[in-house]
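I have placed the structure first, in the form of structure tokens, so that the comments after it can refer back to it.
The values are calculated or read from the model by the stated rules, or taken from the named source; none is laboratory data. All values reported here derive from a predicted model rather than from experimental measurement. Ideal geometry is used to build each Cβ from the backbone, glycine not excepted, and the neighbour counts take in all protein chains shown. Surface areas here come from the heavy atoms of the whole protein model, side chains and all, with no ligands, DNA or RNA. Shrake-Rupley method; radii C 1.70, N 1.55, O 1.52, S 1.80 Å.
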Amino acid sequence: MSPRSIGLSETLSQYLLQVGLREPEVLRTVREDTMRLPGAHMQIAPEQGQLMALLAQLTNARRCLEIGTYTGYSALAIALALPPEGRVLTCEIDSSIADIARQNWQRAGVAHQIDLRLGSALDTLDALLADQDVSPFDMTFIDADKENILAYYERCLALLRPGGLLLVDNTLWSGAVANPAERDPVTEAVRALNRKVHADSRVEMVLVPVGDGLTLARKVA
């Protein structure tokens with residue numbers, strides 16, 4: 001994984017950053033701070049964050065769900081694109097990294113728009129599904145452990161409104177999904193998800209080579 005789109009050279013990536021997106025200063029600061037952390041490879045590419053923000057605006061999203069918070073860059077990118085009443089619910093299992101995310105949102109002035117649920121994402125999703133008062137989400141983004149990616153997909157799809165958009169990160173997995181020699185459990189899990197979405201008549205889909213591969217799936221009405 002890399003914090004720039006798969007297949008881009010360093011030169012082309014820098015050119016993209018110059019003319020291909022309008023990254024707010026507050027997002028750029030979070031991204032640059034994250035690059036100093038040991039897990040910086042988990043950071044999404046800035047062009048992916050911009051795309052997700054634009055998709056939230058195009059779909060008139062008000063309620064967004066995220067699986068995997070990390071330092072809060074993606075949740076922040078989406079929150080900045082939402083109207084004042086918009087909200088992001090994000091799931092994170094690591095309390096120390098969740099603290100960093102909260103600090104980033106506070107500095108950006110959008111902490112009141114983001115609800116971080118600490119703990120197992122599957123437990124959080126099951127609780128949301130069991131709560132009859134929970135309204136459907138307009139957009140969901142899955143960027144967490146790949147072993148549970150199929151379970152996340154099914155639960156997020158169930159929580160999504162008809163016509164809503166489901167996004168899944170890392171679906172090209174640094175190219176390993178196309179290499180038959182790669183048979184590790186994580187790569188196989190991503191392959192299984194890709195096959196599942198491709199054959200799923202409940203969604204309209206496309207896998208685009210932005211970031212580490214981003215699958216877009218629109219829930220059929």
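Of all residues in region 157-197, which are aliphatic (A, V, I, L, M) and in contact with a strand residue (DSSP E or B) (Cβ under 8 Å, 6 or more places away or on another chain)?
Across region 157-197, the qualifying residues are 157, 159, 160, 165, 166, 167, 168, 172, 193, 197.
Could you list, in sequence order, all residues of region 188-206 that are without any contact (Cβ under 8 Å) to a residue 40 or more places away in the chain and surrounded by fewer than 17 Cβ atoms within 10 Å (Cβ to Cβ)?
Residues satisfying the conditions are 188, 195, 198, 199, 200, 201, 204, 205, 206.
Residue 155 is checked against (1) surrounded by 13 or more Cβ atoms within 10 Å (Cβ to Cβ); (2) in contact with an Asp or Glu (Cβ under 8 Å, 6 or more places away or on another chain); (3) within 20 Å of residue 42 (Cβ to Cβ) and fails just one. What number does that condition carry?
(3)
Taking the condition hydroxyl-bearing (Ser, Thr, Tyr), touching a Cys at 6+ places or on another chain (Cβ under 6 Å) and either in a helix (DSSP H, G or I) or under 25 Å from residue 87 (Cβ atoms) (or both), does residue 187 pass?
no
Considering only region 6-65, give the helices (runs of 4 or more DSSP H) lying wholly within it that have at least 3 residues that are among the polar types (S, T, N, Q).
In region 6-65, 10-19, 46-58 are the helices (runs of 4 or more DSSP H) which contain 3 or more residues that are among the polar types (S, T, N, Q).
Tally the residues that are in contact (Cβ under 8 Å) with a residue 40 or more places away in the chain, closer than 28 Å to residue 12 by Cβ and of a type outside the set (A, V, I, L, M, F, W, C), restricting the search to region 160-186.
Here the count works out to 5.
For region 66-75, give me the residue count where each residue is in a helix (DSSP H, G or I) and more than 11 Å from the chain's Cα centre (by Cα).
Residues flagged as in a helix (DSSP H, G or I) and more than 11 Å from the chain's Cα centre (by Cα) within region 66-75 amount to 0.
Return the residues of region 35-53 that are of a type outside the set (Gly, Ala, Ser) and closer than 25 Å to residue 216 by Cα; say none if nothing qualifies.
41, 42, 43, 44, 46, 47, 48, 50, 51, 52
Cβ-Cβ distance below 7 Å, separation of 6 or more or different chains: which pairs start in region 105-134 with a residue that is touching a residue at least 12 places away in the same chain (Cβ under 8 Å) and end on one that is outside any helix (DSSP H, G or I) and among the charged types (D, E, K, R)?
Partner pairs satisfying both residue conditions: 113/87; 115/87; 116/92; 118/92; 124/117.
With (1) open to solvent by 30 Å² or more (accessible area, probe 1.4 Å); (2) assigned to a strand (DSSP E or B); (3) of a type outside the set (D, E, K, R) as the list, and residue 168 as the residue in question, which single condition is left unmet?
(1)
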